[in-house]
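Each reported figure results from applying straightforward, stated rules to the coordinates on display, with no laboratory input. This structure is a prediction, so every number in the text was calculated from the model and none was measured. Every residue, glycine among them, receives a Cβ derived from its backbone with ideal geometry; neighbour counts consider all protein chains shown.
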Amino acid sequence: MPQFGFQRLEVYQLAKALVLTSYQLTKKFPPDEKFALVQQINRAAISIPSNIVEGYGRTTSKDKSHFLNMAYSSMMELVCQYEISRELAYITDDDLDDIMANAYRLSVKLSHFREAVGSRPSVGAKS
């Protein structure tokens, strides 16, 4: 099966795995959170790989960096929401530890990717 370039990126694969974990965890939340915290968590989670992909498709370093910053911000939002979820006893300490470890690993990869994108000349840029 053919693949797009972004599908081969480790940062994209890690972000997508975080989405899958989030959807699995939020299935266990109380029903009264279905239209509150669950939606917020899932929106933040899905925003991470979506913004990575959107940035990947942009032509200028500035645009690429903007979307990678959005992905990073969504990940920080997700971390906050999971901390709150733990304090509300919707997830376990182990669940939070797993999310935090995965988010930290992804944050390092995202930071390196942003640095690499920022150091490349934009398409059509004059030297």
List the lysines whose Cα lies under 27 Å from the Cα of Lys64, skipping any in the same chain that are fewer than 8 positions away.
Lys16, Lys109, Lys126
Compute the relative contact order of the chain as a whole-number percentage, counting only Cα pairs closer than 8 Å that sit 6 or more residues apart in sequence.
29
Roughly what would the spin-label model give for Asn69 and Gln13, points 7 Å off Cα along C-beta, in nm?
2.9
Which whole-number value in Å³ per residue fits the convex hull of the alpha carbons of the chain?
105
Segment 61-89 residues near the modelled Phe4 label - backbone nitrogen below 15 Å, point 7 Å along Cα→Cβ
64, 67-68
